[in-house]
Every structure is written in structure tokens, then in C-alpha cells.
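Read through the structure below, which is laid out as C-alpha cells, and then see the notes.
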Amino acid sequence: MLKKAIRTHEFIIFLILVALSLVVGIINPAFFSVSTLFDTLRASIVYFIMSFGVLPLMIAGGVDISFVAIAAMTSYTTHMFLLKLGYEGGTLLYFFIAGAMGLLAGLLMGFLVTRFNLPVFNVSLALYTMWYGFNLFFIGATANFDLPQGTVGYYARFLVTAKDPYVGQTGLHVSIIYAVVVGVFVWWLLKYTIIGRGLFAIGGNKEVAIRSGFNVNFIWMVAFALMGVLSAIAGVTQGFLSRYFNPVLFITQPLDVLAGIILGGASITGGRGTVIGTALGVLLIQIINRALILTGIPVQWQKLVVGIILVVFTSIPAIRAQRARRLRRTTEAA
Amino acid sequence: MTQGTNDKPAAPIRRKPLAGAFGKIRIGSETVQLLVLAVILFMFFSIIVEKFLTVRSITSMGFQMPELGVLTLAMMLSIYTGGINLSVNATSNLAAVLAGFFMVRYIPKDAAGAVVTLYLAVAFLIAIAVGWVCGVINGLLIGYVGVPPILATLATMTLYTGISVGLTGGATVTGFPTQLSVIGAQTILGIPIPFLIFVGFTILTYILLDRTSFGFKMRLLGSNPVAAEFSGINNRAIIMGAYMYGGILSAVTGILIMGRTMSAAYEYGATTYVLLTILICVLANVNPGMGRVIDVFIAVVILQILSTGFQMALSGVRGSTFFKDFAWGVLLVLVFIANYFIRGRRAQSS
Amino acid sequence: MAEDLLRAEHISKRFGGVVALDDVSLTIRAGEICCLVGENGSGKSTMIKIISGVYTPDEGDIYINGHHYKRLTPIEAIHEGIQVIYQDFSLFPNLTVAENIAINELLASGKQVVDWKEVEQIAREGLARINASLPLDAVVETLPAADRQLIAIIKALLANARIIIMDEPTTALTQREIQALFNVIRELKQRGLAILFVSHKLNEVMEIADRTVIFRNGKKVLDQGAAGLDIPTMAYYMTGRRLDTSAVTFEKIDETAPPLLRVEGLTLHGGFYDVSFELKAHEVLGVTGLLGSGRTELALSLFGALPADAGRIFIEGKEVVIRSITDAVAHGIGYVPEDRIREGLFLDQPIADNITVTLIERFLRRLGLLDLRTKSAEAERWIRHLEVKTPSGELPVKTLSGGNQQRVVLAKWIARSPKVLILNGPTVGVDVGSKVEIHELIRQLAHQGMGILLISDDIPELMQTCHRILLMRAGRIAREFRREEITEQALNAELVAAATVESR
């Protein structure tokens, strides 16, 4: 029954997405264009990757905010390091070095959490400050625009291109492939591996997971490692897409990213969440942002509208839950 | 215990707490730990940084810490009652923006000193009223609608910031009467006024938490909301009260920020301020139904010592202001680990 | 057929200075349902933990399938086919039925990739073993307790259990579900499994046991075939006392006095219907019935936690509206909940604050400040009065034993001197000594003029404290008994009769 409910949740988000798109499209027909589709996806890519990295942790019941700091630290450090070496090659080495750093950062966090039995959120708070501080003090405090020769054209490398009636030539960036690959991998991990099922088990009932023989600490470590690596990939991708590397990349955004995942149906207390739902949650936030621009709401009032939408979106399930609770209390007796 | 040692900063944390008993003394031992940490850090910087132990640098710390300090008290209340309040900083900025608008638009340019003071008082009242309303909205969503605090305040954080952005169009509000700077830049008997305000609200919050029935109920509600309801506590009203007072404290922070910077902006502090307040609460061991105002106060002082200390120690080094962020994170991790061992030892001895 | 699967011989276990088990032996045989009976604190759960390898006994030997163990580990116990089904069923609430059933097998296989066809197949096989049908893709938290218990049993069977230990398995079940569970248990027995059924509900033991073992204060006081054992005998061995209601003096009630509490046609849809009764000062009114009869819902309605949909409530002749707990408390109603940990106590908070929570407004002084000295003095007074055993009122309440915790919950309400006190299962999980004292306290409170509504399915308890007893069945008051009119056996028979009516 609940499985159906979760399905419904994703379905509802999907419906909201469609409804929102229709409304915006009616107000401004420019919304229905290949260019809007491609741009929305392009803007979503890094959030897809980061969210897919945080989702497994959240399913196991760990709320992390340090992932944005890891993205910033790994991408910026890698860039400044390669810049110093005079590297002029392609993007691959970036992903490789940053990914390795992300792996280490994730493992460090996993070690702190499992070895000293600490709450994930508290540790992530400390590491969030630490990594940004590390970036700003040890590496550099200003954004850097000098890209290696081999990566300069990357921002405009498209998977497919199309003619758009409004903006002319438009394309879907190749890095969408990373997001898809990562999404499929995380989906597979969650659904088809013992590690993935262990994440759900830990989030559902940690004590029973230990008693049942899940290697809880190992599973935690995998989740942290995955979070570290994917954050790094997202950080580097963002650097190339925006054509500069920023030491305070995403610094104000950890809560927004978590909000997207939660909108997508994941539970902040663990045990629940899907890749599809997360992807829809990310898209919903991006579409809202785009819709606000296209519907002609003045820029300065857009954040307020997002705020109102958020208040409504968070209140509806709460009201529904309250009703359900009262109903259950009385039907338990029957 | 406070005389401490002046070398090996890690030692005092691991040192056995004063008393082996439980209860009050054990809670007190956390205060002692924090105090020792503060003293050690203070001595450490006094030795390695030449001008750290001067009236000037200590006064400047007194000017800097109150904003974050008062805001942390607001955060503390929400955690204490079993929630969290991500909208504290958005509330202070909204309060500052609205009070700032009032001052810029309505204070006559040629007003006499006394009249301006009166207008300032009205502006402060506006700020506090705005903070109160923000708190009421949080309280309604959390207490009455039943939205989980983290989601409710995430939403209102965006909402309140959205109002500030909309009203200011993203610009900074400036042009306040110079009398306002009394709040942010003057001293009484050498003590910075904002620091006195911080101390005042710390005492007020302490009294509220430890000496009133409201605080008593907040603590029990945080400890077990179901049992609180079954004991006849009106949970909704208490939650509402906690967030209302939190809103007022946030507004006071907004006033302090205006006084120091002589401006108001939607983006002041941004997300980092919110996270810093949570971080201080974590350091001060604030948990649902648990935590002491005095510990929060000391934790704020520790943050400031660290921040000023490193800034002065590294002055001239590129990006020196950022080292404190790094150090803060490292310190927090070390405190967690130290607590882990202290807890382990306690569990063994009991 | 009586093959001994497990023999625990001369087991002793101490915790600090407390002797939990004292030279106790227990034999479990194939194809036999053995009921282990005893009050809380009698050593039942210690014994379970010893034969499942969780605790190591201080003295004694364990023989399982002919293997001798001085110290048994949990893994060894599982390998020997011992499976314990705890009250929480040890399931993952967020996973499906199929996955919960198959998870242990998956983990044991050592495979890292999950084959969902295999999961489904394992689950089907498991369900087939007890001829149960459950929706495989249903999420466990949406299922009723009875279904969750079936899953736990299937998991035990799939782990090749030869001995299944069930710890208070009927606690969360309705009567109909209990009967279904008994059928499953009987079938397991037919297949030669050994069942250790741990309970303190004597009517269930009567129904299911082949052999009954009774523990009291860490000693085995009875071990014999079920034939010829009746409830009073079992109760005697359990408590060590002949239950003698004539020895108890009951408060005289002024029959002509106006009622303290009067309820007319109270209805809560899905809970109870058209409930009317009166409660006089000095009176203890019992409300009994099976789980699901509406007894707890009635209590929660009167206390405002589940406001009634229809009907009227009068206190001292005046009609009152109770829409919330705050209303109920304001009208002088107190409630001691059944689930002490969740609804009654603030485990991390000081004992003193747990007591004074209902009276905190009384300590307000100038400027709205609390008089902390008077507050702790008042708490101390109640700690002494109710003999809560603790070195200090400042210790967190979680340091207390079950009986002392219950005294704290009682103190919190008595301190307010409510007009009407509702007690829901006041001695559940309380040791024998405290139980007697709590009964005495209830009579004392009645003596002082309080009206007490005692909700319980503990028949001796009702007989020892109540003037009248209301029997609820399917949400309605089915019968009313005066204590003088009925014996314990007759009341028990009525309760069982109610069950059979309901399960039809």
C-alpha cells in the first residue's frame, strides 16, 4: 500500500511538473521549446549528480550538508593544482583527480561517523566549514577563469543540437550523460545490491539491520565514498559548464539541494527515497525557477514566490498526515 | 578548574571531569570543559599573538560576537524544543530591511536629536514586531499545521528572504541617522554596547529557560512531546512561544547588524550564519530537552577567540580571515572525538 | 516423541547484587508447546536471553541437541535452531513483506547482487510453510501487528528453527488474531517443532499449553503438564499468594450522593458507541475488555486525547466540554497511561521534574519566576510519600526500575489531587511488590474521595480494587458487575465469552 503511496508521490510531483509547465506555457508560449528543455536539463545536471550522491546517505538516515563543500574543495583544488603544473589537456584528468579527492573526503567523513559513533549531521556541519575554509585559506580566495586549452570548448560540446524557433541553434550538453549514468548506477545500487538494500534496512531500523547481519559500517563507508566522488564530479562539471572555478561553489545551496530531494519523496529520517523521485524533485525546482522568469514575475519577487510555493508544498503533506493520524487512531480500535 | 595549564591544548578536554557523580554536576562538567577550552585558547593566542591581549582587540571581539551570539540563542530555543530554525538569519535581515525602510523614508532630515531617538525607538519596535510575526508564522506551521521544523523553516527562510529581496530589489538599504551607530559602535565604561545587549539577552534567555514555567515546559516538550501532551502541556502554545521569542531574538540581531554596518541587506550572513549558529549549539551540547544558556554563551566566546586570534596571528597572510573557518571545523571534529572518549570513560565508570 | 531438544540445567544469573535466576532448570521438547509464565521480574526474559546466547549464565550448563555449552553465543544458538521472536518482531518497517522474509537468506548466501525473482520465491516458500497468504509487495509498516508476527514466524522457520521462543506474542493482537496465531502454533507443533510461549496471560496459557513452567522471583516454582492446572492455581504459583479479596477493606460509597462523573451516550466512531455510566466519589470503577474492545479509546476520550464525536460528560453535575487534554486537566481529570515510556515519562529529565510537571504553575512567584526550592521540596515530599527508591530526585527518571517509574507517573497526577483519576493498566510491567503497593494506593486515593476509573485486563487486579466492573465488547458496554456478585473465575469466563463472540 505504501509502495503505491510512494508511487503516487512521484506521480504527484510529475503531475505538478506537467501542470506547472502547461500554465507557464500558456502564459508564455516560448516555454514550449526545445531550447527551454535543453537549458533546464543543462542547469539540472550538477544538481542531479549531487543529489544522487546524497540520496543513498539520506536513505540510511544520514543528513549531510558537507557535500557542497566537497564539490567546491575538490574541483577548485584540482583546478588550481593543474593550473600550476601548466596542464593543457582535456577534462578527464580533472574528473580523475577530483574524484580521488572526493573519495578520500568521503572516507574521512565515514571514518569519523563510524569510528566515533557521531551523528552525520553534526560531522557534516564541521566538515562543511572546514572544507570551505581550506579552499579559501590554503588554495585561493578568488574565482579562476583560466581554463586549460584542452577544456576550453567543453562548455559548448553538445550531445544533440536542434533548431529552436526563438533562439536559433540550441543543444543538449554532453554532460547529461554523466547524470544519466550516475542515476542509473545509483538506482541499480539501491535496488539490486545488498549494499543498497542495507541502506534501506539501516534507515528503516538500524538495530535490526545490525542484528540481521548487515555490515553496517561498511555500508556507511560506501555511502560516504559515493557521496564524496559524486560531489567532486558535480563540482568539476559545474566548473566546466560555467567556465570558471569557484572556491565557494554552492556555498549557499546545501539546504536547497536537500529540499529538492525531500520534495522528491525521500524521508529526512531515512528509509525512503528513490532516484526517479529525486530527479523529479530537482527538475521541479529548476522548472519553478525558469517558470518565474518566463511568466514575467519581476526578478526581485521571484524568491518570494518560491517561498510561498515551498510553504504550500510542505504544508499539504503535513495536513494530510494529520488527518491520516487521527483516522488511524480511531480505526485501530475497530 | 579554570586556572588550566598553558601547554598542550588537547589535554584539558580529556581531563577527568571534576565530579564523578551524575546529575547537576555532570551537566556542570560540560560547562567546565567549555570554559577550560575557552581559557586555553585565550592563553594560547595571548602567547603567540603579540597584540591579542590588549584592550583594543578584546573590545573588538566584544563588538563582533553579539550578532552571532543573539542569533544562536534563537537557534538554541528551536533545538531545545526538538526542532531547528533555519529561518533565523532571514528573519533578522527582513526585520532590518523593514526597520531600515522606515528610518530612511520617515525620519525628517532636519529632525532634532531627541526626535530622531524617538524615531529610532519606533524603528526598533517595527523590527521586533516583524521578528515576532516571522516567529508566529513558523510557530503556526510547526505547531499547528504539523510541518517538520526543518522543512517549515527552510520554506520560511526562502519566504522571508524573498520578501526582503522583493522590497529592496536586491539593493542594500543605507542612509540611516548617525545616532543608530550607538547600538553598534559605542561603549559604556569601556564595554561595547552590543556586548551588553548580548549579555542582557543571554541572562533573559537563561531566566526564561531555567526559571519560568514556559522554559520548564519547553524542556519537557523537547524531551518527549507525547508525554508532554499527556501531562497537560499545551504543546502548540509552547512551540508557538519558542518560535515567537526566537523571532524576536532574530530581530534584535537584525538591529545589531544595522547598528554596526549602518546598512540592511537581504543577503547579510546568508546560509553561513545559520550553519554557524547550529555549529555553536552542537559545540555547546544543545539537544532536544537539554542544553544550558551559559554553555551557548561560552561557545560563542570560543568562536570569537578563534576567529579574532587566527585573524591577528595570520595578519598579512593572504586570505587570513578564512583560516578561522577551517580551524572551526577542525576544532569541532576534535571536540566530538574528545566527547566520544569522555562518554566512553563515563559509561565504564558507572 | 518427547525428545529433549534443549536442557538448561541449574542456571544462575546475577546482575550486580540482584539475583535474576537462582538454580533454575528448563527442558524444551520437540513437538511440545511449553508455556513459561511469571510476573515481570520473575526471570522469564533473563532465561530467554540465556538460552538464545545473549547472556552468559554465572552457573549452570546448557545442552542443545546433545551438544554441551558452558557459554552459548548468539550465533551458536542460531546454528542450533533457536529463534526468538521478540515483541517488536525485528522487522524493517519500510521494506516489503517479501524482502523482510527473504533478507536473512540473502545475507547468508553471501551474494552481493539481489535477484528479485529469488526474493519472491523465498517469500512464497516461506508463506507456504504456514499456509499464510500476505501481499508480497506490501510495505510492512502498513500491516497489522498480526501479519507482522506471521512474517517474524516465517523468518524463524526459514532459519531452520527447531525451537521457537515467543516473547509475549499476543500483546498487540486482537482476540481473533490470537486464535489465528494459536492455530499456527499448533501446526508448528504437529511438525515437531518446540515452542516456548512466554506470557503472563493465564487464560491464553490455559488454552495453548502442553506443559506449564512458572517462575517467581528467579526460581522455578512449578513445572508440570497442563492437564489439571487451572487459573487460580497458576495465579497462586505466580504471585505466591492466595488471592483473597475478602481480606481487603473496600471504601463504603454513599449511594445517594450525586455522581462525580457522569457520561451519557458517549460515542467515538471506530472506537466505542453509546457509552453511559456514573462514577461516584470514593468509588473505583473497573473497565475491562479485550484489546480492541474500545476500553483504551474510552479512556483517551475522557482525557481529551481523542475527543468523542457525540455524547455528554458531566462533572459534579455540570456538563463539561472536553476537546483537548488541557480541557480535561482543567476539569480535574488525570490519566496514567498504559505506555509509560512513551506517554508517561520524560526519561532523560530529573525525577523531580517528572513529578512536578502537572503542578508547575503552583510554584510561580513574583514576575512569573519559579520558586525552585519549593518545587524540589514538593517533589521530595512525593518521592518519600510514594517510596520511590532513588538517592536523589535530580537523577534522570530512566535510572529507576519499572515499578519506581510507575510510582513517578502516579505521583505526577496524584499531586494535582484530581477529582477523577483514570488509570490505564497501572501495573503493567511492574514487579509484584510494587503491584500490591499500587493497589493499596488506589484504595487510599478512593478513601480520600477521588473517583477512580481503572482500565485493566488483569482480573485479580480488578477484583482487588474495584467496586463495580464494566465489561466492554466491540465498543459497547456489554455487562456491568458489582464485585460482590461475581467471582474471579466467572469474570474470566465472561471475558473469554466476549472473545468468542468477537471472533465469530
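The values are calculated or read from the model by the stated rules, or taken from the named source; none is laboratory data. All of these numbers come straight from a predicted model, not from anything done at the bench. All Cβ positions, even for glycine, are placed from backbone atoms using ideal geometry, and neighbour counts span all protein chains on display. Just the protein is used for accessible areas: all its heavy atoms, side chains included, with ligands, DNA and RNA removed. Shrake-Rupley method; radii C 1.70, N 1.55, O 1.52, S 1.80 Å.
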Taking Cα centroids, how far is the range C:308-338 from the range C:104-163 in Å?
46
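Indicate, rounded to the nearest 5 percent, the antiparallel portion of the DSSP beta bridges found entirely in the protein assembly as shown.
Of the beta bridges lying entirely in the protein assembly as shown, close to 60 percent run antiparallel.
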Among the residues of the range A:283-300, which ones have their accessible area go down by 20 Å² or more when all the protein chains sit together, as opposed to their chain alone (1.4 Å probe)?
A:Gln300
By the C-alpha gyration tensor axes a ≥ b ≥ c (rounded if a/c is under 1.5, else prolate when a/b exceeds b/c, else oblate), the shape of the range B:22-349 is oblate
Looking at C:Thr27, A:Ala143, A:Val63, which one has the Cα that reaches farthest to the positive end of the dipole of the protein assembly as shown (charges on Cβ: Lys, Arg +1; Asp, Glu -1)?
A:Ala143
Return the value, in Å² to the nearest 100, of accessible area buried between chains A and C (probe 1.4 Å, both sides summed).
2500
Please state the relative contact order of the range B:22-349 as a whole percent: Cα pairs under 8 Å, 6+ residues apart?
33
Quick test of the membrane-span-like rule: which DSSP H helices of chain B reach at least 24 Å along their long axis (C-alpha atoms) with mean Kyte hydropathy at least 0.0?
B:23-48, B:55-80, B:88-106, B:113-139, B:149-168, B:193-211, B:235-261, B:293-313, B:320-349
May I ask for the accessible area buried between chains A and B, both sides summed, probe 1.4 Å, to the nearest 100 Å²?
4000
For the range B:230-350, accessible area per residue (1.4 Å probe, heavy atoms of protein chains only), Å²
33
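Keeping all protein chains in place and using 1.4 angstrom, which order do A:His9, C:His68, C:His79 fall into by accessible surface area, from largest down?
C:His79, C:His68, A:His9
Rounded, prolate or oblate for the range C:291-447? Axes are the square roots of the Cα gyration tensor eigenvalues, ordered a ≥ b ≥ c, and the cut-off for rounded is a/c under 1.5.
oblate
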Give me the mean projected area, in nm² to one decimal, of the convex hull enclosing the Cα positions of the range C:349-417.
4.2
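Before we go on, tell me the buried accessible area for the C/B pair, both chains summed, 1.4 Å probe, in Å² to the nearest 100.
2200
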Which of these, B:Leu204, B:Leu86, B:Leu221, has the largest mean-square fluctuation under a Gaussian network model of chain B (Cα springs below 10 Å)?
B:Leu204
With Cα coordinates, the longest principal axis of chain C makes an angle with the long axis of helix C:372-385, in degrees rounded to 10, of 70
In Å², nearest 10: area of A:Lys206 left accessible to a 1.4 Å probe
90
Computed magnitude of the charge dipole of chain C (debye, nearest 20; Cβ of K, R +1, Cβ of D, E -1):
820
Fraction of accessible area attributable to carbon and sulfur, the protein assembly as shown (%, probe 1.4 Å)
60
Heavy-atom accessible area with a 1.4 angstrom probe orders C:Arg295, C:Arg29, most exposed first, as C:Arg29, C:Arg295
Please provide three numbers in whole Å: the alpha-carbon extents of the protein assembly as shown along the principal axes, with the largest listed first.
94, 71, 68
Dipole magnitude of the range C:2-72 about its Cα centre, charges +1 at Lys/Arg Cβ and -1 at Asp/Glu Cβ only, in debye to the nearest 20?
260
By how many degrees, 0 to 90 and rounded to 10, does the Cα axis of helix C:97-109 deviate from the longest principal axis of chain C?
40
Have a look at the range B:238-276 and report residues whose accessible surface goes down by 30 Å² or more when the remaining protein chains are included, against the chain on its own, probe 1.4 Å, ligands and DNA/RNA excluded.
B:Thr271, B:Thr272, B:Leu275
Which one of A:Tyr166, A:Tyr132, A:Tyr47 has the biggest mean-square fluctuation once chain A is modelled by GNM with Cα springs under 10 Å?
A:Tyr166
Can you give the charge dipole size of the protein assembly as shown about its Cα centre, rounded to the nearest 20 debye, using +1 on the beta carbon of Lys and Arg and -1 on the beta carbon of Asp and Glu?
2120
If you take the square roots of the eigenvalues of the alpha-carbon gyration tensor of chain A and sort them as a ≥ b ≥ c, do you get rounded (a/c under 1.5), prolate (a/b over b/c) or oblate?
oblate
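Please identify every one of the GluC sites (Glu not before Pro) in the range C:268-349 that sits in a loop by DSSP and has no more than 16 other beta carbons within 10 Å of its own beta carbon.
In loop regions of the range C:268-349 (DSSP not H, G, I, E or B), the sparsely surrounded GluC sites (Glu not before Pro) are C:Glu316.
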Mind checking which helices in chain A clear 24 Å along their axis (Cα) and have mean Kyte-Doolittle hydropathy of 0.5 or more, DSSP H runs only?
A:2-27, A:34-59, A:67-85, A:92-115, A:216-242, A:275-294
Heavy-atom accessible area per residue, the range C:234-327, 1.4 Å probe: how many Å²?
42
Threshold 30 Å² - residues in the range B:134-161 whose accessible area is reduced by that much or more when the chain is no longer isolated, probe 1.4 Å:
B:Leu141, B:Val145, B:Val147, B:Ile150, B:Leu151, B:Leu154, B:Ala155, B:Thr158, B:Leu159
